[in-house]
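Below you'll find the structure, written out as structure tokens, and then a few comments.
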Amino acid sequence: MRTKIIAIGEALVEIMRPAGGQPLDREGIFEGPYASGAPAIFAVAARRLGAEVTFIGNVGADAFGWLMRRRLEAEGVNTSGLHIAEGYATGVAFIAYAEDGSREFVFHLRHAAAGRMGPDQIDPDWFKSVDWLHISGSTLALNEGCREACWKAVQLTKAAGGRLSFDPNLRPELLPVADARRIFVPFLEAADLLQPTVGEAQALSGLEDEQQAAHFLLKGKERVLVFKRGAAGCSLFTVGGRMDVPGFAVKEVDPTGAGDCFNAGMVLALQAGYLPERAARFACSAGALAVSCQGPMEGAPDWKAVEALLVGGG
């Protein structure tokens, strides 16, 4: 039986600088638009890995909205939950890369279609026999309506016997970390799989020591916690202990979306019955392959490609 996954959150287009060292406060050239949004990238990545995926979110009745719908449908994602927010434009993110690889963002989300989501558009029928729900902290950062919609989705998922994957995806441009610590609490508590970066784990816990931060987030529960480390791989934590999982040496073209592809890889591998260590290795392979193409969704790999890198990469 195919794995059934629901991804909920912002659908947006991404417009980026073509090379590093071109900050957003300077006039210059951009590339795009690319279909994007952390939950949407996750949805495409999960679909390419073989899951049945439904996406819930909002776009505007405009060219960018049609772009998003066409892209998701072309990937085989169920868009019955993709609503048109009348009177609002599709969300946009402008992105620039610094020479050190860090990113700079300007978002048009909270006051765009992406920020118009509410609990009334969550159809309980979508959650029948759901295996996993994936939520990104960037969605929770938008407003109370989005948080209420996501929490309703969590309750429906749990009632159906499904599991929650949560990526904090902290975006200080959208929500201060101090507020995220408070707002994310119920989602952190409910998650069966937590997928922060090391920095996000430290920020949410308020603890610099990684082991202490992991203990804070696990809270002694039988669940899986991974600290994403980019090219260096990840660290896996369960109540049984810690294991560091190496990454893969690949040529990086565009790192955007790598974390979302990692998230999808982790979910699909766990659902396939992989033990956490093997699942983390699979997720690292998926994340590594994601950086090989320009554009946030373009590098999302299929199952065969992920396994091929696992074999070839050791």
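Values in this text are rule-based calculations from the coordinates and carry no lab data. Here the structure is a predicted model, which means the values were calculated and not measured. Quick reminder, even Gly has a Cβ in these numbers, built from the backbone with ideal geometry, and neighbours come from all protein chains shown.
Only beta bridges with both residues in segment 4-313 are counted; by DSSP, about 40 percent of them are antiparallel. Could you compute the net charge surrounding ALA38? Neighbours are other residues with a C-beta less than 11 Å from the C-beta of ALA38; K and R count +1, D and E count -1. Computed value for this residue: -3. With Cα atoms defining each centre, segment 216-251 and segment 130-200 are spaced 18 Å apart in the structure. Using the Karplus relation 6.51 cos²θ - 1.76 cosθ + 1.60 with θ = phi - 60°, the per-residue 3J(HN,Hα) values for segment 295-302 come to x, x, 9, 4, x, 4, x, 8 Hz, with x marking Gly and Pro. Taking only C-alpha pairs under 8 Å that are 6+ residues apart, what is the relative contact order of segment 217-292 in percent? Answer for segment 217-292 is 31 percent.
Beyond 33 Å, what share of the Cα-Cα pairs of the chain remains, rounded to the nearest whole percent? Within the chain, distances greater than 33 Å cover 16 percent of Cα pairs.
A cut-off under 13 angstrom between Cβ atoms defines the neighbours of ARG116, and their net charge, with Lys, Arg +1 and Asp, Glu -1, is -4. Averaging Cα coordinates gives a centre for segment 10-27 and one for segment 43-71; these two points are 21 Å apart.
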